[in-house]
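The values are calculated or read from the model by the stated rules, or taken from the named source; none is laboratory data. These numbers come from a predicted model, not from an experiment. Because the Cβ atoms are built from the backbone with ideal geometry, glycine has one as well, and the counts that use them run over all protein chains shown.
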Amino acid sequence: MRLGRIRIPDRLRRRTERQYLIARAFNRRRALKPVVNRTAQIRKGDILAFVTLRNERVRLPYFMDYYRNLGVNHFLFVNNDSDDGSGNWLAEQPDVSLWWTNAGYKRSRFGMDWVNRLLMKYGSGHWCLTIDPDEFLIYPHCDSRPLAALTDWLDASGRNSFPAMLLDMYPRGAIEDEVYEEGTDPFRIARWFDPANYTISKNEYYGNLWIQGGPRTRRFFTAEPLAGPALNKTPLVKWNWRYAYVSSTHMLLPRHLNLVYDESGGEQASGCLLHAKFLSTFASKSAEELDRRQHYANSKEYRAYHAGLRRGTTLWCSESREYGDWQQLEDLGLISRGNWA
């Protein structure tokens, strides 16, 4: 039996899964210890950012400035037992609420139980941006229109979610050649990206697109490209306490939140997350995460990075493109303004 094009059994399975994820996030709430809770400052209409981190102190000043300038009003951080001063620095920021945990990252579904819990409690009714400290949102007109202009347009269009492809950025030479300094723009160093070399498929069960490719696949997963990391994300959502992220920000439930593309030949507005992973800090971070083995598939991705680092750390190739602006990404088909003129 079918309901439209969706089989009733699948619909019920997804509903059960969503209820399970919400209950799981609620039950993991005791793992989060409040360090400083300024959520009383949150006002109706505020745009919120939700971030999980471990040992990202050097990245934080530029990250915070970037998103403040974009229009994020309040930041909710989960500090997963950092020992580099990240927690102390964040606790001093007036627009930050901070929780600490030493619970296992893997056992929390790679931090998503913690994020789902905070989204459930504080995000309902707000546009919420769920990101990592090395991800920087780019969207059409971002150089002239704040994030609130985008969310207002999404509200008026009846859309509750906005997709952004993860675009890996890297330097012209070896990753370790130029040391990244705290507070500086990472894209002064990591200015290059792959303009093509991406594959797209559709996950019929969840409805989301699945994007792979780029420099990580061609450099670290040459022999097994389908094992490369997923690049599709839906980081910006008008949250409701009944929602839940399923796997990182790659897909959500309910299913309609994943339907952020047009299959009729047109285009819906979309963005990119410029990914500043490949800086001089990459080797030490990869070694730490490989040792911890707290990532997906027994840290298979970080094992591939470790093997690749032994062979050299240059990601640039003859097809690499130097980043210019969002219009360049639109010309390449990596983002779209859709009907947002």
Considering every residue within the range 77-87, establish whether at least one is outside any helix (DSSP H, G or I), of a type in the set (A, V, I, L, M, F, W, C) and either surrounded by 14 or more Cβ atoms within 10 Å (Cβ to Cβ) or at pLDDT 95 or above (or both). yes
Those residues that are within 20 Å of L274 (Cβ to Cβ), assigned to a helix (DSSP H, G or I) and touching a strand residue (DSSP E or B) at 6+ places or on another chain (Cβ under 8 Å), I need them from the range 148-185; list them, please. L150, T151
List every residue pair whose Cβ atoms lie under 6 Å apart, where the two residues are 6 or more positions apart in sequence or sit on different chains, the first residue falls within the range 253-273 and is closer than 21 Å to R145 by Cα, and the second residue, located anywhere, is of a type in the set (D, E). Q268/D262; L273/E135
If you go through the range 122-134, how many residues are under 21 Å from D325 (Cβ atoms) and buried (at least 24 other Cβ atoms within 10 Å of the Cβ)? 1
Could you tell me whether any residue of the range 171-185 is within 20 Å of the chain's Cα centre (by Cα) and buried (at least 23 other Cβ atoms within 10 Å of the Cβ)? no
Residue set G104, G87, G111; condition under 25 Å from R242 (Cβ atoms) and of a type in the set (G, A, S); output residue G111
I'm checking my understanding of the structure. Among residues of the range 19-45 that are out of contact with any helix residue (DSSP H, G or I) (no Cβ under 9 Å at 6 or more places or on another chain) and part of a helix (DSSP H, G or I), which one is nearest to C142 (Cα to Cα)? Q41
The range 97-121, residues that are of a type in the set (A, V, I, L, M) and buried (at least 22 other Cβ atoms within 10 Å of the Cβ): L98, M112, V115, L118, L119
Reported set for the range 91-117 where residues are without any contact (Cβ under 8 Å) to a residue 40 or more places away in the chain and either under 24 Å from A148 (Cβ atoms) or not in a loop (DSSP other than H, G, I, E, B) (or both) is Q93
Yes or no: the range 46-60 includes at least one residue that is crowded, with 20+ Cβ neighbours inside 10 Å, basic (K, R), touching an Asp or Glu at 6+ places or on another chain (Cβ under 7 Å) and not in a helix (DSSP H, G or I). yes
Which numbered condition in (1) out of contact with any Lys or Arg (no Cβ under 6 Å at 6 or more places or on another chain); (2) part of a strand (DSSP E or B) is the only one that D143 fails? (2)
Which condition from (1) assigned to a loop (DSSP other than H, G, I, E, B); (2) modelled with pLDDT under 70; (3) farther than 18 Å from E178 by Cβ is the one that A341 breaks? (2)
Hey, L167 hits all of (1) out of contact with any His (no Cβ under 8 Å at 6 or more places or on another chain); (2) within 24 Å of G333 (Cα to Cα) but one; which does it fall short on? (1)
From D132, D177, which residue is under 26 Å from R57 (Cα atoms) and modelled with pLDDT under 95? D177
Restricting to the range 216-257, and then to whatever is assigned to a helix (DSSP H, G or I) and modelled with pLDDT of 95 or more, can you tell me which residue is nearest to D152 (Cα to Cα)? L257
Look through the range 193-221, keep the residues that are out of contact with any Asp or Glu (no Cβ under 8 Å at 6 or more places or on another chain) and small (G, A, S), and return whichever of them is surrounded by the fewest Cβ atoms within 10 Å (Cβ to Cβ). S201
